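Colleague: Just dropping this structure here.
The values are calculated or read from the model by the stated rules, or taken from the named source; none is laboratory data. All figures in this text were calculated on a predicted structure; none of them were measured in a lab. Note: accessible area is taken over every heavy atom of the protein model, side chains too, but ligands, DNA and RNA are not part of it. Shrake-Rupley method; radii C 1.70, N 1.55, O 1.52, S 1.80 Å.
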Amino acid sequence: MEELHSALVAPQHVWWKPAGKQEKLWVTVSFVWCMILFAMMPLWHIKGGQNPSGIRARVEPADFVKRTDQFVKDYKVGEENGFPVVAPPAGSDVYLLARMWQWYPVLRLEEGKTYTLHLSAADLNHGFNLQPFNLNFQVIPGYDYGLRVTPTASGDFRVICNEYCGIGHHLMVGKILVTPVGGAAAIEPPAGGFKVLPDAEAAVAAEGGRS
Ligand SMILES: [Cu+2]
């Protein structure tokens with residue numbers, strides 16, 4: 001029988017000998033580190049405000065699209081670059097749909113008010129990334145990820161996709177407008193729109209929009 005590279009034959013070398021000192025050390029260090037990270041997960045959640053426990057539910061992508069369309073129909077207040085601008089009332093369910101290659105629709109929220117933001121995708125994995133903050137969530141078709149959110153600052157924010165999703169990935173820039181407390185006047189978005197802005201330019205535009 002051919003011995004070389006055969007899984008049917010036991011290897012002929014020294015694998016059955018007891019682990020050496022370095023290997024034991026390596027296994028110990030890895031194990032301790034695993035345990036530290038294991039303990040950190042609930043700690044980050046409780047103390048650090050990270051890893052929020054959202055409201056998760058299964059949803060057929062087509063149903064999520066339907067819910068989003070209904071949401072747009074109910075609360076649409078305008079249009080921008082062909083995208084509906086939707087201003088839902090405080091406390092309501094807000095739908096943001098990710099699909100190749102857009103975030104749909106444009107949202108207009110009020111500072112200090114709480115909403116339930118539902119994220120899902122119509123086609124494949126996308127990544128919700130709110131600029132310029134470090135806020136990231138996986139957006140997965142088939143799952144409705146609901147988050148209780150309260151905008152704490154007013155302004156004109158961009159949502160980019162941080163999960164590579166194809167040739168138009170870099171064009172996938174969405175928009176969330178947050179109106180200030182008591183401010184009836186809508187925020188004037190900066191000229192140029194968001195649909196075609198690549199990530200870097202959008203980030204700059206978002207910065208400029210608030211200064
Ligand atoms: Cu994407």
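Colleague: Once you have the Kirkwood Rh of the stretch 43-130 from its Cα pairs, apply Stokes-Einstein at 37 °C and 0.692 mPa s and quote D in µm²/s.
Modeller: Translational D for this selection: 231 µm²/s.
Colleague: Also, I was wondering about something else. Restricting to Cα pairs below 8 Å that are 6+ residues apart, what does the relative contact order work out to for the stretch 22-96? Please round to a whole percent.
Modeller: Answer for the stretch 22-96 is 16 percent.
Colleague: Near the amide H of L124, under 5 Å away, which other amide H atoms are found, from residues 5 or more places off or on another chain, if H is placed in the peptide plane?
Modeller: Those lying under 5 Å, H to H, from L124 are M100.
Colleague: If amide hydrogens are placed 1.01 Å from N in the peptide plane, which non-local residues have theirs closer than 5 Å to the one on Y95?
Modeller: It is H118, by chain and number.
Colleague: Could you look at the stretch 1-157 and say what percent of its accessible area is carbon and sulfur, using a 1.4 Å probe and all protein chains?
Modeller: Details: 6150 of 10160 Å².
Answer for the stretch 1-157: carbon and sulfur cover 60 percent of the accessible area.
Colleague: Could I ask something else about it? Just the number please: accessible area per residue for the stretch 1-103, 1.4 Å probe, all protein chains included, in Å².
Modeller: On a per-residue basis, 78 Å².
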